[in-house]
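Have a look at the structure below, then the notes.
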Number of protein chains: 4
Amino acid sequence: MKNLTFLVLTFITIVAVGQEHSHRSSRSLTFPDIPGYKSIKTDLHMHTVFSDGNVWPNIRVQEALRDNLDVISLTEHLEYQPHSEDIPHPDRNRSYEIALQEAKDHDLLIVHGSEITRDAPMGHNNAVFIEDANPILQDKAENAFAEAKKQNAFVFWNHPAWYAQNPNGNPILSEFQKKRIKKGELHGIEVINMTDYAEESLALALENNLTIMGTSDVHGLIDWDYTEKGNHRPITLVFAKEKSLPSVKEALFAGRTVAVYNDLMVGREEFLMPLLQASLKVEKATYAGNSNVLEIAVSNVTSSDLFFQNESEYTFYDSSPVFEIGAGETKTLHLKTLERKTSVDLKLKALGCFVAPKVQPVVTWMVPTKQ
Amino acid sequence: MKNLTFLVLTFITIVAVGQEHSHRSSRSLTFPDIPGYKSIKTDLHMHTVFSDGNVWPNIRVQEALRDNLDVISLTEHLEYQPHSEDIPHPDRNRSYEIALQEAKDHDLLIVHGSEITRDAPMGHNNAVFIEDANPILQDKAENAFAEAKKQNAFVFWNHPAWYAQNPNGNPILSEFQKKRIKKGELHGIEVINMTDYAEESLALALENNLTIMGTSDVHGLIDWDYTEKGNHRPITLVFAKEKSLPSVKEALFAGRTVAVYNDLMVGREEFLMPLLQASLKVEKATYAGNSNVLEIAVSNVTSSDLFFQNESEYTFYDSSPVFEIGAGETKTLHLKTLERKTSVDLKLKALGCFVAPKVQPVVTWMVPTKQ
Amino acid sequence: MKNLTFLVLTFITIVAVGQEHSHRSSRSLTFPDIPGYKSIKTDLHMHTVFSDGNVWPNIRVQEALRDNLDVISLTEHLEYQPHSEDIPHPDRNRSYEIALQEAKDHDLLIVHGSEITRDAPMGHNNAVFIEDANPILQDKAENAFAEAKKQNAFVFWNHPAWYAQNPNGNPILSEFQKKRIKKGELHGIEVINMTDYAEESLALALENNLTIMGTSDVHGLIDWDYTEKGNHRPITLVFAKEKSLPSVKEALFAGRTVAVYNDLMVGREEFLMPLLQASLKVEKATYAGNSNVLEIAVSNVTSSDLFFQNESEYTFYDSSPVFEIGAGETKTLHLKTLERKTSVDLKLKALGCFVAPKVQPVVTWMVPTKQ
Amino acid sequence: MKNLTFLVLTFITIVAVGQEHSHRSSRSLTFPDIPGYKSIKTDLHMHTVFSDGNVWPNIRVQEALRDNLDVISLTEHLEYQPHSEDIPHPDRNRSYEIALQEAKDHDLLIVHGSEITRDAPMGHNNAVFIEDANPILQDKAENAFAEAKKQNAFVFWNHPAWYAQNPNGNPILSEFQKKRIKKGELHGIEVINMTDYAEESLALALENNLTIMGTSDVHGLIDWDYTEKGNHRPITLVFAKEKSLPSVKEALFAGRTVAVYNDLMVGREEFLMPLLQASLKVEKATYAGNSNVLEIAVSNVTSSDLFFQNESEYTFYDSSPVFEIGAGETKTLHLKTLERKTSVDLKLKALGCFVAPKVQPVVTWMVPTKQ
């Protein structure tokens, strides 16, 4: 039964100003653009009933809209088909087609994709930006990769650290992968899969010039796996020249990404640094009364809570050098400049962000002051 | 990727005692038994990808477990199969079989069911406790009902007030239904479907001795349709001799039900009255100091907020005669008895409950006092 | 130490639209004006360290500003001075003077007041709009009332039902009060004091033409007594020609008030009915699709949750006749008009409101429809 | 009016297990004992109407009980008496006496104290554990300190970084203070006052062997300054041989303290390290399946959220090396030990804690494993 407009239409929230402290960000993801590029929010690894997932493709589209994503891909296992008794489906493109139909009236781009699935050492790999999923289903894995390349697909290695395929939980680049990379058939690597971050995967990405990826790999419901626990789904921020599929594809091949999971951001220095710079916006900087204490108001314009450590030349007047700025929050930092400066460098280490294993970026904001 | 035990294992909530007022009940449904019967929580109307729903049957089982239900039925449309391109499935029992498998390690009973679907005046009908869904798929609706009867199914009319099948939004008993009732082929009627309650449907139930039903009729996600809006799904409380499928079936045929949606409870007087009596538990009753003011502590042991109006012989000392007791909450009522009584009758009208259109039950608790 | 602007300046809440159901109104009180009058929010009964309260008068002013009140009075007991060891204060006007000073830069009016305090049967009485508290302190209660009258004070009887002064908890009009009323020295009566509502006090108000009052009678902190429990403080809504002290005084003498505590509103029919009419605003009314089901969107523009029961000629299509509209919430009601009307009467009984003991007002909204 | 037991007595919260992620700790403070000492929660700097505060002393006692404090001191300014028009009070011990009376039935110790108040360079100083406040009121500051010493008081310098007394906001040790320290008349220094932490004050404490203090310095309401913003009040954890006033005094003179404000903890290494060690409790450590991935469940048994960075020999399998454990939360960390160990060292840097300016302690937990 489809009923009329539901009983509850609107709710005008009346909240006392300034009394809310806790960082209750919504599930909606937001990140600022960086100089020269749009920051495109993508999740390029998920499943539906067309492989081993539990929902129809339209639910994945609706989840993505709730999460404010720009681009998704439904990457069904080509080889693993536990629902084949009920969904015999010779055509492996159906999941994509249904999602495309569901998304047609929304501002959400659907990337055609598939998962090529093997045991270790090859493991699991996603081919996205494919043209036809059916010919990628091959007995020999090498042929599957060759076909993906023929289709100009972007291919990335999924959860390389997975302990089920590797008792140490450390990712190891096998001869298979080395050959694929050499042949231009493997272009990226997940450093965040589901809730899991492996810093050794990040090392592999940097050493082998692979694009850094973060994905939800969702099989059930985003709500149950992430939202109801207060988490966001992991995503890959792709820095594209415009919001279009060709542009996103170009950026992925060029390695312009940052993987994000809540307050964890992992990416190459050249992209993570400008992202952080844009994420924390200096609102104003004025001296307090007759003092030499500089008040700098900064806003976190992202949907992620951010943790920083002061590394400026000057110490804070009244707060710990280690602090959090919640998603959407504005804070005032007080720098003891000892004399009145016309401009100061605010230098902050982003404690939850990594440009290499254990290496946190230090970002500098040049702050002109008002006297 | 299946990861290890998730990072967040447990969370010890530290909440200041007595400082929480708002009735933040969980999604878990709870209702007390009534004298002679178990109160069985059932949802006997829902859909999956096997008709026009959007999830695999295992999700329906997991939703039911989260809602603390006892019994569910997946009632796929036999005739309406929008996913037939991908799920050709000649066997209409698959949805049931998959749910059964998913539920096998849990304390959740699965009822085999199907929806027989036609335009007005016949409309939509659920046959539950069937043996085989396939033979119920018939060209002639009469034959479908006859087959359901042959299988000893319990059959109920879905959302009779649906304005899409009836521009006035008022349920009308057609010749078709009258004949089905007469032949013992139609036994129940939904008075609550999704978020909708129609008091004229209740009138039809009472006039025609049909079992009163409430169902979610869910197609998407329970979380999106109900939970995230702070609502529970609608259910039918079935008063069964024991928690077993035969016992639930017997109770449905005997008409022992109350339909519940949040604070709305609709049922025959003989079942709704004892349910309310058990729902509000008198904890203790003592006189305050040297006064003639009797303090009666009452607890709402259900998962529904309840609204009452005092209809006792005595007025309240310090509160409105109209009051709410939230799910799980205990309140102290103060009765001005003018002299010290050894026992008083607490009479309350349940404002959100109906035993007939616009008729709210008045329940009496005989309360012995401590002097 | 006065520190700089605090660290946390602002917080931009990002809340998903339409996902919040629970009525989380703020502590800020809001009520609409009624035809011909401003609805002035007053609390005319409270205490500070200058009698038996626990805070300096400036805290009472700050609490009132947080609650969005328009008018307050600090009504110190003239006779009961438990802090006299530390505050010998011969001048009983100090509490008023300090509050006046604190409020001077805010849009909050301070009424000069005092509490005249005796045992039963006289009990406690507030004189507000006095000129000088000192001469009201008299050995003989009669003289205190006479002096209050001489100052043209508005005088009301506090918590007449108090069981400490009356074991039955029922208010009794003594000879003393009768004489005061006759002499024009007693003009109002509290029907709500603290969290307590006594319907017999309402009866006395109506029988004796006394102004209906609601007050917090706060001694400790509003936050601890009300806010942290999710309650508002009780207030008296005064319907004044303008927001000014003379106008409020005139309205009090004229009996133009409604006492409000959360969802409980108590007042004379001639004032409570227009208040309710203004509180529920019809936003629009249109017919759904091709049906005869009329969708009426209504908004609760007050800070109180409101409970209604449908008493219209037409039943609701899809919801219980008993419903709540939270503070600030908009709901759509669906009326089954059976044919398309150009206008309908929406008649609702306000279940939590009283114009006499146990008598709930029924309010009619004439609703023109859009075809 | 004192009413009967309030209407709302109890509320049984029904919360779905495992679904709450956010760290909603209560206002109640909790910290574990350390080897050899009780961890005593103290706030030794606050004001009431007896100097420039806004509440009666009983409110300070009730606030402390809500915050679960063990010891408080009301440190009224001896010299600054803005309420003297109304409270002439020749006896400066009244605030203490009233608090003592209010606390007598509770497990809260009251320390007799006073604030000695001057302009820079001397500034503000608290003398606690005094015997009589009156003789400490002296024209010459030197005499006030001498009298405090005569009474065997513990004296600490308040908010040394206060920019109102010092335009740079940097604490400077004047000749006055140096002389006081030399004469044994100044023993401690606030490194946290209100919401303010000054790392230069910590440097002064370490250089001059002064006891590290954190205080609320509250004048208004704890609820408004801290609780409603989601903050705790700052406190000094005192490591005493037992919970008694002499024991707390001994510990203060011995410098056994850690100042705490929310997730910021500041103290000498010899006390902060064992406090952290006790704060994070290893619940169990087992290897996952057949892997070499060690699962270590750790619980934060404090009321403060804690931030850590992994500095162990081994990297985490599936999470960032930087992580938060909320107050009361249990998390499972996964260490990649590459082979099965019988015991591992878990080394974590406490990012929000300081043993010297910018120096965060690294704590090691020796963790035996279960094979």
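With all protein chains present, how much of the accessible area of the stretch D:275-368 (probe radius 1.4 Å) comes from carbon and sulfur, to the nearest whole percent?
48
Let me have the relative contact order for the stretch B:238-303, percent, based on Cα pairs under 8 Å that are six or more residues apart.
19
Taking beta carbons within 10 Å but only from partner chains, what does the mean come to for residues A:358-368?
1
Relative to the Cα centre, what is the charge dipole magnitude of chain A, using +1 at the beta carbon of each Lys and Arg, -1 at the beta carbon of each Asp and Glu, and rounding to the nearest 20 debye?
1060
Using only the alpha-carbon atoms, how far is helix D:141-150 inclined from the longest principal axis of chain D? Give it as 0 to 90 degrees, nearest 10.
The helix D:141-150 is inclined about 70 degrees to chain D.
Excluding ligands, DNA and RNA, what is the accessible area buried between chains D and B, summed over both sides, using a 1.4 Å probe, to the nearest 100 Å²?
Chain pair D/B: roughly 3300 Å² of buried accessible area.
Counting only other residues whose beta carbon sits under 9 Å from that of C:S247, what net charge do I get with K and R as +1, D and E as -1?
Once all neighbours under 9 Å are counted, the net charge is +2.
Any idea what Rg and Dmax come out to for the protein assembly as shown if you just take the C-alpha atoms, in Å?
Expressed in Å, the Cα Rg and Dmax of the protein assembly as shown come to 35.3, 107.
Using only alpha carbon positions, build the gyration tensor of the stretch A:182-299, then give the equivalent ellipsoid semi-axes as the square roots of 5 times its eigenvalues, largest first, whole angstrom.
33, 20, 14
Determine the principal axes of the Cα atoms in the stretch B:275-368, then give the extent along each, sorted from largest to smallest and rounded to whole angstroms.
43, 24, 21
Nm distances between the label at B:K183 and the same-position labels in the remaining copies, 7 Å along Cα→Cβ, shortest first?
So the distances to the same position in the other copies read 6.6, 8.8, 10.9 nm.
Under 8 Å for C-alpha pairs, at least 6 residues apart: give me the relative contact order for the stretch D:275-368, rounded to a whole percent.
The normalised contact order for the stretch D:275-368 reaches 28 percent.
Just give me a number: lysine pairs in the stretch A:279-368, eight or more positions apart or cross-chain, with C-alpha atoms less than 19 Å apart.
13
To one decimal in nm, how far is D:E313 from the same spot in the other copies, if labels go 7 Å from Cα toward Cβ? Please give the shortest first.
Output for D:E313: 4.3, 8.2, 8.8 nm, nearest copy listed first.
How far is helix A:94-103 tilted, in degrees, relative to the longest principal axis of the Cα atoms in chain A, given as a value from 0 to 90 rounded to the nearest 10?
Relative to chain A, helix A:94-103 is tipped by roughly 40 degrees.
Nm distances between the label at D:K140 and the same-position labels in the remaining copies, 7 Å along Cα→Cβ, shortest first?
Shortest to longest, the spacings are 6.2, 10.1, 11.9 nm.
How many percent of Cα pairs in the stretch B:139-179 exceed 14 Å? Don't skip to the end; give the middle numbers.
On the way: 473 of 820 pairs.
More than 14 Å apart: 58 percent of the Cα pairs in the stretch B:139-179.
If you count only protein heavy atoms with a 1.4 Å probe, what accessible area per residue comes out for the stretch B:272-371, rounded to a whole Å²? Working shown, then result.
Numbers: 3220 Å² over 100 residues.
That works out to 32 Å² per residue.
How much accessible area per residue does the stretch A:61-156 have, counting only protein heavy atoms and a probe of 1.4 Å, in square angstrom?
40
Roughly how far apart, in whole Å, are the Cα centres of the stretch A:268-344 and the stretch D:58-120?
About 38 Å separates the Cα centre of the stretch A:268-344 from the one of the stretch D:58-120.
Sort C:103-114, B:37-48, B:202-213 for me by packing, meaning the mean count of neighbouring Cβ atoms within 10 Å per residue, highest on top.
B:37-48, B:202-213, C:103-114
How high is the relative contact order of the stretch B:38-265? Use alpha-carbon pairs under 8 Å, at least six apart in sequence, and give a whole percent.
Relative contact order for the stretch B:38-265 comes out at 20 percent.
Over all residues in D:163-173, what is the mean tally of Cβ atoms on other chains that come within 10 Å of each residue's Cβ?
Numbers: counts 14, 8, 1, 3, 10, 8, 15, 6, 0, 0, 0.
Average per residue, whole number: 6.
Any idea how many Lys pairs in the stretch B:38-265 come in under 14 angstrom at the alpha carbon, given 8 or more places apart or on separate chains?
Lysine pairs satisfying the spacing and distance rule in the stretch B:38-265 number 12.
What angle do you read, to the nearest 10 degrees and between 0 and 90, between the alpha-carbon axis of helix A:269-279 and the longest principal axis of chain A?
Compared with the principal axis, the helix lies near 60 degrees.
Across peptide A:307-320, how many C-beta atoms of other chains are within 10 Å of each residue C-beta, on average?
Average neighbour count from other chains, rounded to a whole number: 6.
Taking amide hydrogens as modeled 1.01 Å from N in the peptide plane, which residues meet the under 5 Å criterion relative to C:V344, leaving out close sequence neighbours?
C:V367, C:T369
Excluding D:D263 itself, what net charge comes from residues whose Cβ is under 12 Å from its Cβ, given Lys and Arg +1 and Asp and Glu -1?
Result for the neighbourhood of D:D263: -3.
For the stretch D:38-266, what Kirkwood radius comes out of the mean inverse Cα-Cα distance, in Å?
Numbers: mean 1/r = 0.0579 Å⁻¹.
It works out to 17.3 Å.
Anything losing 50 Å² or more of accessible area from the isolated chain to the full protein assembly: pick those residues out of the stretch B:42-78, probe 1.4 Å, ligands and DNA/RNA ignored.
B:N54, B:W56, B:I59, B:R66
The values are calculated or read from the model by the stated rules, or taken from the named source; none is laboratory data. If you're wondering where the values come from, they're calculated on a predicted model, not measured in any experiment. Cβ sites come from the backbone with ideal geometry, for glycine too, and all protein chains shown count toward neighbours. With ligands, DNA and RNA removed, areas are computed over all heavy atoms of the protein, side chains included. Shrake-Rupley method; radii C 1.70, N 1.55, O 1.52, S 1.80 Å.
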